[in-house]
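K.L.:
I'd like to ask some things about the structure below.
The values are calculated or read from the model by the stated rules, or taken from the named source; none is laboratory data. No experiment lies behind these values; they were computed from the predicted model shown. With ideal geometry, Cβ positions are generated from the backbone for all residues, glycine too; neighbour counts draw on all protein chains shown. Surface accessibility is based on the protein's heavy atoms, side chains included, excluding ligands, DNA and RNA. Shrake-Rupley method; radii C 1.70, N 1.55, O 1.52, S 1.80 Å.
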Amino acid sequence: TLDPHSFPTRRSSDLSPQNFRETFRRTSRGIARMKLTNPHDVPVYTISGSDTARPLPDWLARKRKRSLKNDAEYQNRVELLQDFEFEEASACVRTSDDGEWVMSTGTYKPQIHTHYLPHLSLSFARHTSSLNNTFILLSSDYSKSLHLQTDRSLEFHTPGGCHYRTRLPRYGRDLKYDKHLAEAIIPAVGVNSDGSGEVYRLNLEVGRYMKPYQVDVGGDDMTTSGGGALQGGINTGSVNVAAIAEDSHNLMAFGTSIGTVEFWDSRSKSKIGMLSGHQGGVTALDFARSGLSLATGTSEGIVQIFDLRKSMPLLRKDQGYGYAIQTLMHLTTSSQEKKILSADKRIIKLWDEADGTPWTSVEPAVDINCVAHCKDSGMLLTANEGKQQHSFFIPQLGPAPKWCGFLDNMVEEMAEEETAETYDNYKFLTLPELKQLNMGHLVGTTSLLRPYMHGY
């Protein structure tokens, strides 16, 4: 949909069919322009988010409707999804297995947004009584979802609203779903009377809590960080994160605040192994599709890849900023290359699984809370601090999703114009003009001054 005010004013004698088609082509191409975030060998395009357009208040947008036609930054925006934003910030985002729905949670007030992707529109918004920590989709679409709230509760949501709400004995840190046993797995903070951390099991078929998994988080060892601290204390021991190898052997992995990863067999309900020696607490886990490899992320920003048959890591990567790793994913590119996505609150990095070679990265202007990948595509969606949620498109990771296949054509158009846009927003100066402005000392000393033909 084109804003009629975005067309340049022409005299009636200029409005021949040929001129009108040329005007339409140039205007539409100007609107359908994405920001090239990472202009290296693997480009990353920012489709939506705070990097592409300044968020304007509704009253100001209405007041400046006519004046915005001359604002290049506002006109060059691409609104991929209607109302893909929250009033203050977003906490978590998930895509459905069928690829047609995106659900997000955010604040303020605490609410849930669900988008129907074939229509590129917001299907419904729903308010909740407390903030959301994380959630999972239990069905292939949006119709059944389970939400872990910050007030120590679990909420089951259906298209009609909140279906059921139950309380947890202690605050939960993560949420996973074991499809084989129909159990919700909730790692929790604090220790029980035996000095062990707990992972709660809510069986959705029986409708009650089962005996929790007891994981070592320090216990009575007062010398260990988090050891011996009860819920509500400082540096409380906790089970931070869980992962399930649901595509292979169905083992469960639990990462703790003392830097260990325990492996449990859901059939025998027993611990079968443990990894230790992580720098800081374990904050992110992800099994490879084969089930033989496990990626771990720590609170110190260190990512390691383990072969389950060995105790030493195959690869060790430093995220670079020292923040806790929040998201880990095993991805496969369209050329069948194995990549790892690691994200902390500052940056999203993609690198080679075999040797750790950096592939590409994207660093938004706001802090990241969660990253979701649209299956079989190169689209990444984020929940982040700030009003607008981000969406990034990496053509070399995969094609555009079916619901926004037009992005492939837009990328091709931008690739054709890439050389013409190299010096966009630059001012050409000859050497005498440069010296007249007392800027001759910048020659050869800064990247802000680039040689071009007979000037800079």
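K.L.:
State all residues of the stretch 414-439 that are modelled with pLDDT under 85, in a helix (DSSP H, G or I) and either surrounded by 11 or more Cβ atoms within 10 Å (Cβ to Cβ) or in contact with a strand residue (DSSP E or B) (Cβ under 8 Å, 6 or more places away or on another chain) (or both); if no residue qualifies, say none.
P.N.:
Taking the stretch 414-439 and keeping what is modelled with pLDDT under 85, we get 414-427.
After this cut, where a residue has to be in a helix (DSSP H, G or I) as well, the list is 414-416, 419-421.
Scanning the stretch 414-439 gives MET414, ALA415, GLU421.
K.L.:
In addition: Restricting to the stretch 175-203, what's the tally of residues that are in contact (Cβ under 8 Å) with a residue 24 or more places away in the chain, more than 15 Å from GLY237 (Cβ to Cβ) and not basic (Lys, Arg)?
P.N.:
11
K.L.:
Conditions first: (1) surrounded by 14 or more Cβ atoms within 10 Å (Cβ to Cβ); (2) touching a Phe, Trp or Tyr at 6+ places or on another chain (Cβ under 6 Å). ALA284 passes all but one, so which condition is the exception?
P.N.:
(2)
K.L.:
Ok, one more. Please find, within the stretch 120-159, the residue that is least open to solvent (accessible area, probe 1.4 Å) out of those that are more than 21 Å from the chain's Cα centre (by Cα) and among the acidic types (Asp, Glu).
P.N.:
Here the residue is GLU155.
K.L.:
Please determine, by comparing only the residues of the stretch 299-314 that are outside any loop (DSSP other than H, G, I, E, B) and farther than 22 Å from VAL362 by Cβ, which one is most open to solvent (accessible area, probe 1.4 Å).
P.N.:
Quick first cut of the stretch 299-314, residues outside any loop (DSSP other than H, G, I, E, B) only: 302-307, 313-314.
Cutting the leftovers down to farther than 22 Å from VAL362 by Cβ gives us 304, 306-307, 313-314.
Working: GLN304: 18, PHE306: 5, ASP307: 23, PRO313: 47, LEU314: 98 Å².
My answer is LEU314.
K.L.:
If you don't mind, another one. Show the residue pairs that are 6+ apart or on different chains and have beta-carbon atoms under 9 Å apart, the first residue being within the stretch 387-404 and over 25 Å from THR105 (Cβ atoms) and free of Cβ contacts under 8 Å to residues at least 60 places away in the same chain, the second being open to solvent by less than 10 Å² (accessible area, probe 1.4 Å) and in a helix (DSSP H, G or I).
P.N.:
These pairs meet every condition: ALA400/LEU407.
K.L.:
Condition first: open to solvent by 40 Å² or more (accessible area, probe 1.4 Å), part of a strand (DSSP E or B) and farther than 22 Å from THR95 by Cβ. Now tell me which residues in the stretch 163-203 satisfy that. Before you say what the answer is, go through the steps one by one.
P.N.:
Going through the stretch 163-203, the residues open to solvent by 40 Å² or more (accessible area, probe 1.4 Å) turn out to be 163-165, 167, 169, 171, 173, 176-177, 179-181, 193-194.
Then keep just the ones that are part of a strand (DSSP E or B); that gives 163-165, 167, 176-177.
Correct list: TYR164, ARG165, ARG167.
K.L.:
Something else now. Is it the case, given these coordinates, that SER335 is hydroxyl-bearing (Ser, Thr, Tyr) and within 27 Å of SER90 (Cβ to Cβ)? Can you show your working first?
P.N.:
Details: hydroxyl-bearing (Ser, Thr, Tyr): yes; within 27 Å of SER90 (Cβ to Cβ): no.
For SER335, the condition - hydroxyl-bearing (Ser, Thr, Tyr) and within 27 Å of SER90 (Cβ to Cβ) - is not met.
K.L.:
Further, regarding this structure: In the stretch 196-224, which residues are closer than 21 Å to VAL241 by Cβ and small (Gly, Ala, Ser)?
P.N.:
Of everything in the stretch 196-224, those that are closer than 21 Å to VAL241 by Cβ and small (Gly, Ala, Ser) turn out to be SER196, GLY197, GLY218, GLY219.
K.L.:
So THR332 ticks every box in (1) without any contact (Cβ under 8 Å) to a residue 12 or more places away in the chain; (2) over 23 Å from the mean Cα position of the chain (by Cα) but one. Which box is left unticked?
P.N.:
Every condition holds for THR332 apart from (2).
K.L.:
Report whether or not GLU100 is open to solvent by 60 Å² or more (accessible area, probe 1.4 Å), touching a residue at least 40 places away in the same chain (Cβ under 8 Å) and more than 20 Å from HIS373 (Cβ to Cβ). Walk me through it before giving the result.
P.N.:
Working: open to solvent by 60 Å² or more (accessible area, probe 1.4 Å): yes; touching a residue at least 40 places away in the same chain (Cβ under 8 Å): yes; more than 20 Å from HIS373 (Cβ to Cβ): no.
It is false that GLU100 is open to solvent by 60 Å² or more (accessible area, probe 1.4 Å), touching a residue at least 40 places away in the same chain (Cβ under 8 Å) and more than 20 Å from HIS373 (Cβ to Cβ).
K.L.:
I'm trying to understand the selection: among the residues of the stretch 244-281, which are over 16 Å from ASP307 (Cα atoms), open to solvent by 30 Å² or more (accessible area, probe 1.4 Å) and part of a strand (DSSP E or B)?
P.N.:
Matches in the stretch 244-281: SER270, LYS271.
K.L.:
Which of the residues that make up the stretch 357-381 are surrounded by fewer than 16 Cβ atoms within 10 Å (Cβ to Cβ) and assigned to a loop (DSSP other than H, G, I, E, B)?
P.N.:
Once the filter is applied, which keeps residues that are surrounded by fewer than 16 Cβ atoms within 10 Å (Cβ to Cβ) and assigned to a loop (DSSP other than H, G, I, E, B), the stretch 357-381 yields THR357, GLU363, ALA365, ASP367, LYS375, ASP376.
K.L.:
Kindly establish whether LYS317 is open to solvent by 70 Å² or more (accessible area, probe 1.4 Å), in a strand (DSSP E or B) and either touching a helix residue (DSSP H, G or I) at 6+ places or on another chain (Cβ under 9 Å) or of a type outside the set (Gly, Ala, Ser) (or both). Spell out the reasoning first.
P.N.:
Numbers: open to solvent by 70 Å² or more (accessible area, probe 1.4 Å): no; in a strand (DSSP E or B): yes; either touching a helix residue (DSSP H, G or I) at 6+ places or on another chain (Cβ under 9 Å) or of a type outside the set (Gly, Ala, Ser) (or both): yes.
Spelling it out, it is not the case that LYS317 is open to solvent by 70 Å² or more (accessible area, probe 1.4 Å), in a strand (DSSP E or B) and either touching a helix residue (DSSP H, G or I) at 6+ places or on another chain (Cβ under 9 Å) or of a type outside the set (Gly, Ala, Ser) (or both).
K.L.:
Hey, any hits in the stretch 47-63 for a residue that's at pLDDT 80 or above, of a type in the set (Asp, Glu) and over 30 Å from LYS179 (Cβ atoms)?
P.N.:
The initial filter retains those residues of the stretch 47-63 that are at pLDDT 80 or above, namely 47-48.
Restricting the remaining residues to those that are of a type in the set (Asp, Glu) gives none.
Checking the stretch 47-63: not a single residue is at pLDDT 80 or above, of a type in the set (Asp, Glu) and over 30 Å from LYS179 (Cβ atoms).
K.L.:
When the residues of the stretch 382-406 are narrowed to those that are under 24 Å from GLN336 (Cβ atoms) and either in a strand (DSSP E or B) or of a type in the set (D, E, K, R) (or both), which ends up farthest from the chain's Cα centre (by Cα)?
P.N.:
The extreme case among them is LYS402.
K.L.:
Turning to a different aspect of this structure: Looking at (1) at pLDDT 95 or above; (2) hydroxyl-bearing (Ser, Thr, Tyr); (3) not in a strand (DSSP E or B), which is the only condition SER290 fails?
P.N.:
(1)
K.L.:
With respect to ALA324, determine if the residue is in contact with a strand residue (DSSP E or B) (Cβ under 8 Å, 6 or more places away or on another chain), among the hydrophobic types (A, V, I, L, M, F, W, C), in contact (Cβ under 8 Å) with a residue 12 or more places away in the chain and part of a loop (DSSP other than H, G, I, E, B).
P.N.:
On the way: in contact with a strand residue (DSSP E or B) (Cβ under 8 Å, 6 or more places away or on another chain): yes; among the hydrophobic types (A, V, I, L, M, F, W, C): yes; in contact (Cβ under 8 Å) with a residue 12 or more places away in the chain: yes; part of a loop (DSSP other than H, G, I, E, B): yes.
Yes; evaluated as a whole, the condition is true for this residue.
K.L.:
Given (1) free of Cβ contacts under 8 Å to residues at least 40 places away in the same chain; (2) under 20 Å from the mean Cα position of the chain (by Cα), where does THR296 come up short, assuming only one miss?
P.N.:
Tallying (1) free of Cβ contacts under 8 Å to residues at least 40 places away in the same chain; (2) under 20 Å from the mean Cα position of the chain (by Cα), THR296 fails exactly one: (1).
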